[in-house]
Amino acid sequence: MVSTTPDPNPDVDDCPGAPPSPDRTARVEAHGIDHIPDSERRGRPRELFSVWAAANVNYLSLVVGGALVLLGLSLWQALAVIVVGNAFWLLTGVLAVSGPAAGTPSEVITRAMYGIRGNRVNNAVVGWLISVCYFALNLAAAATAAFSLVGRTGIPVNTGVKTAVVIVIAALTLTISVYGHALIMKLYLPITLALTAAFLGVAVAVVRHTDFSYVPDQPLTGTDRWAVVLAGVSLVASGPLSYTTSADFSRYLPRTTSARAIVGWTALGGFLPGTVVCSLGAFAATAVDMTDPQSALEKLLPGWFDPVFLLALILGTIAINALTAYSAGLALQAVGIRVRRSLSVLVDGAVSVSLTLYALLVSNFLDTVNNVLQLTVALLGPSTAVYATDILLRRNRYDGRALMDETPGSPFWYAGGVNRAGAVALLGGTAAAALCVDTLYCTGPIATALGGVDLALPVGLVVASALYAVLMRGSVPPAGVR
């Protein structure tokens, strides 16, 4: 096994470079999963803050925060869970450092972990399928807010109007994703500022009604309390763990960019707004019933602010889904489908819109998907652990051009196109996590023995990381060796 770049990245505080020029943001991004040459690298790591902040000032974060109190936690217990769960954004930041090192997206870098063929399976499941499901869930949430907004105008919200609303929101989202990286970098700072202003209004209204001494009538104790606390951490952590594709948005940075700066700005961009918005959801749950979050929050807000709040929910969902669709498009390419990135994004959008319309107009499909996604932490945790461990083992040295070689002569072909170390670590970590999971529809034997305590997240992370480190021992050259 060869090292994947000759030299580690120099540790500098920041890197020179200009932001994308207007002509770049006005064009559809030409690059997909191909290698970004040094001549096209530009930007500063602090630009990553607004990318992740815009994606985390959203409706679902409010819902998650409120759910923690509904599960039976006191306000201060819920806040502690929110901080711990959002701390997993640090792992998202760690994965992002591989982007500038390789000059390729996460969907290609993971060939180093799973092999050329093995990585196609990884991208089909972890990259594409889960992304499309999240896109559909977020689109449904945005559509629900939009239905309420349209209804206020006096327009009857019938099937035709609902269909039109879903298609319009999806079209706005996919436009950002199709134009790609440069437009995302340009738009997400003003989006972050607009969402921050809107949610400050929400914060003022919510804090005025918050019961900071809130404790449920029947406080949880013993095993029941630990079961809810660990389930809550997994629920909050599922957000950052779903972004194993963070290198997609850092890969245009110069290869000399400080790894510490990339980790810091990415993690801060996710942690800060994620913690604040989740906390607002918990605050609101001490004053109103957050079973129906949108209606509950409207009770706390002044009437004139309701349309602003609904527009903010829609905008926040567009921001998060544009990133999801962008990465899903790259995942579809990495599966082996030879299609332009812009077209692959549209395919992903069409599938997601179809799922959303079916759910909203025909059945409760998204409820089923939502329940299934509770189990994704059992897969996303081990996937993140393998990726982060590989970065540490290689000292973040990746050769993007070598990663693009898909022939049997590639250094990442391994045995028959599969790196058994990565496959065993991912499957082993997922299996171990599955034994410990506890949800409404699936309870593992270890969780049952522990009285419902769900250890899927820590067990999956530790087992996958340990297996990969042991199985790759001797396969990766030490630092400084080419």
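The values are calculated or read from the model by the stated rules, or taken from the named source; none is laboratory data. What you see is a predicted model; the values in this text were computed from it and never measured. Cβ placement follows ideal geometry from the backbone for every residue including glycine, while neighbour counts extend to all protein chains displayed. Note: areas computed on protein heavy atoms with side chains; ligands, DNA, RNA excluded. Shrake-Rupley method; radii C 1.70, N 1.55, O 1.52, S 1.80 Å.
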Quick check: is even one residue across the range 422-432 under 23 Å from the mean Cα position of the chain (by Cα) and β-branched (Val, Ile, Thr)? yes
Matching option when the condition is surrounded by fewer than 24 Cβ atoms within 10 Å (Cβ to Cβ) and modelled with pLDDT of 95 or more, among 272, 253, 230: 272
Only one residue in 48, 73 is assigned to a helix (DSSP H, G or I) and not aromatic (Phe, Trp, Tyr). Which one? 48
Taking the conditions exactly as written (at pLDDT below 95 and farther than 23 Å from residue 321 by Cα), does residue 144 satisfy them or not? no
Any idea which residue in the range 397-434 is nearest to residue 250 (Cα to Cα), counting only those that are assigned to a loop (DSSP other than H, G, I, E, B) and of a type in the set (Gly, Ala, Ser)? 410
Within the range 125-176, can you find the residues that are under 17 Å from residue 332 (Cβ atoms), open to solvent by less than 10 Å² (accessible area, probe 1.4 Å) and not small (Gly, Ala, Ser)? 132, 135, 173
Pull up the range 84-122, narrow it to residues that are among the β-branched types (Val, Ile, Thr) and touching a helix residue (DSSP H, G or I) at 6+ places or on another chain (Cβ under 6 Å), then point me to the one that is farthest from residue 331 (Cα to Cα). 84
Inside the range 177-222, can you point out the residues that are among the hydrophobic types (A, V, I, L, M, F, W, C), open to solvent by 80 Å² or more (accessible area, probe 1.4 Å) and not in a loop (DSSP other than H, G, I, E, B)? 189, 193, 200, 204
In the range 48-94, what residues are within 14 Å of residue 323 (Cβ to Cβ) and of a type outside the set (Phe, Trp, Tyr)? 48, 50, 51, 53, 54, 55, 56, 57, 58, 60, 92
Got at least one residue in the range 233-244 being open to solvent by less than 10 Å² (accessible area, probe 1.4 Å) and out of contact with any Phe, Trp or Tyr (no Cβ under 9 Å at 6 or more places or on another chain)? no
